[in-house]
Amino acid sequence: MDHVLDIADRYILTPYVYPASWPEDGALRQVISLLVLTNMGAELLYLGFAAFSFYYVFDHRLLKHPHFIENQLQREIRLGVTSIFWMSFPTVALFFAEIRGYSKLYDNITKSPSGWPGVMLSVAGFLFFTDMVIYWMHRVLHHKSLYKYLHKQHHTFKIPTPFASHAFHPVDGFLQSLPYHIYPFLFPLHKVAYLFLFVFVNIWTISIHDGDFRIPWPLVEVINGAAHHVDHHLYFYYNYGQYFTLWDRLGGSYRHPSVLLGQGPLDHIRKLTVAGKLRR
């Protein structure tokens with residue numbers, strides 16, 4: 001986040017916001033700046049990409065599904081916006097530790113153990129690590145002793161829209177985001193790659209809630225997409241993964257997408273429509 005903070009300081013915060021007596025490397029100023037930038041960035045990322053996905057990707061026939069609840073869009077957005085706000089406080093504590101030099105983030109390729117191949121390897125490591133940790137964390141959040149207190153809010157939406165992507169209890173949302181923040185404290189990662197991955201994971205989270213169930217056939221058994229994740233919302237005990245199906249397969253929780261078997265939400269709507277026409 002120090003690159004983002006430096007740019008904000010140079011062009012906005014130092015010339016127009018803070019008094020000259022507040023040094024750019026002051027802890028209080030950095031924390032305040034990080035809170036504002038994190039909230040603005042995360043909320044705009046969420047609302048912007050979720051709105052784009054809802055209007056241009058999401059299949060609006062799903063709004064007719066019996067499990068689509070009253071005022072669902074408003075409830076998803078309200079919970080998502082509120083959750084991001086409260087999540088920003090512990091997140092900023094981690095960002096602050098990063099800019100103070102406690103992480104293994106670096107900005108010079110020569111500091112990478114293996115140059116550009118090392119950067120690519122660290123990105124792959126990030127995806128593998130976060131997918132693994134989120135899978136097991138997600139399963140724990142489904143345990144009966146925790147579920148009703150934390151994760152149940154997200155599962156209110158059995159037919160999610162892209163706005164449900166960040167609609168979590170704040171503690172639940174932060175816990176599931178924690179692997180993303182822990183990784184650069186454990187392993188070397190380029191700062192620009194980290195920013196790219198931060199944006200990527202947010203967009204990916206939106207995409208698995210976007211109601212577009214099409215999957216290129218070679219990837220069906222590998223990638224955890226919206227077709228897999230909607231079954232998680234509908235059937236609860238399956239497809240906990242974030243990006244891949246690997247850990248669901250190893251953990252015995254993989255379910256082949258019902259949409260590919262003619263048993264998905266749109267198939268249910270079509271059957272109800274046909275039944276309604278026959279009754280008339």
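Give a residue-ordered list of calculated ³J(HN,Hα) values for segment 245-251 (Karplus: 6.51 cos²θ - 1.76 cosθ + 1.60, θ = phi - 60°; whole Hz; x for Gly, Pro).
Karplus values, whole Hz, x for Gly and Pro: 9, 3, 6, 5, 5, 5, x.
All other residues with a Cβ under 15 Å from the Cβ of residue 24 taken together, and with Lys, Arg as +1 and Asp, Glu as -1, what is their net charge?
Numbers: positive: 10, 29, 100; negative: 2, 6, 9, 25.
Overall, the nearby charge balance is -1.
In a shell of Cβ-Cβ distance under 13 Å around residue 152, excluding residue 152 itself, what net charge do Lys and Arg (+1) and Asp and Glu (-1) give? Intermediate values should be presented prior to the final figure.
Details: positive: 144, 148, 158; negative: 172.
Residues close to residue 152 contribute a combined charge of +2.
Quickly work out the residue 139-to-residue 250 label distance, labels modelled 7 Å from Cα along the C-beta direction, and quote it in nm with one decimal.
Reported label-point gap for residue 250 and residue 139 is 1.0 nm.
Obtain the nm distance between the two label points defined at residue 25 and residue 114 by a simple spin-label model: each point lies 7 Å from its Cα along the Cα-to-C-beta direction.
Placing both labels 7 Å along Cα→Cβ, they lie 3.5 nm apart.
If you consider only alpha-carbon coordinates, what radius of gyration and Dmax does segment 37-97 have, in Å?
Spelled out, the Cα radius of gyration and Dmax of segment 37-97 are 14.6, 46 Å.
Taking only Cα atoms, what is the 0 to 90° angle, nearest 10, from helix 170-186's long axis to the longest principal axis of the chain?
50
Around residue 4, what is the net charge, scoring Lys/Arg as +1 and Asp/Glu as -1 over all other residues with Cβ under 13 Å from its Cβ?
-3
With +1 on each Lys and Arg Cβ and -1 on each Asp and Glu Cβ, how big is the dipole of segment 2-279 about its Cα centre, in debye rounded to the nearest 20?
With only Lys, Arg, Asp and Glu charged at Cβ, the dipole is about 1020 debye.
Within segment 72-157, report the trypsin sites (Lys or Arg not before Pro) that DSSP leaves as loop and that have at most 10 other Cβ atoms within 10 Å.
Numbers: sites: 75, 78, 100, 104, 111, 139, 144, 148, 152; in loops: 100, 104, 148.
In loop regions of segment 72-157 (DSSP not H, G, I, E or B), the sparsely surrounded trypsin sites (Lys or Arg not before Pro) are 148.
Of the options 142, 266, 49, report the single residue whose Cα projects farthest towards the positive end of the charge dipole of segment 2-279 (beta-carbon charges: Lys, Arg +1; Asp, Glu -1).
266
Just so you know, all these numbers are worked out from the coordinates, no wet-lab data involved. What you see is a predicted model, and the numbers here were worked out from it, not measured in a lab. Note that we place each Cβ from the backbone using ideal geometry, even for glycine, and neighbour counts take in every protein chain shown.
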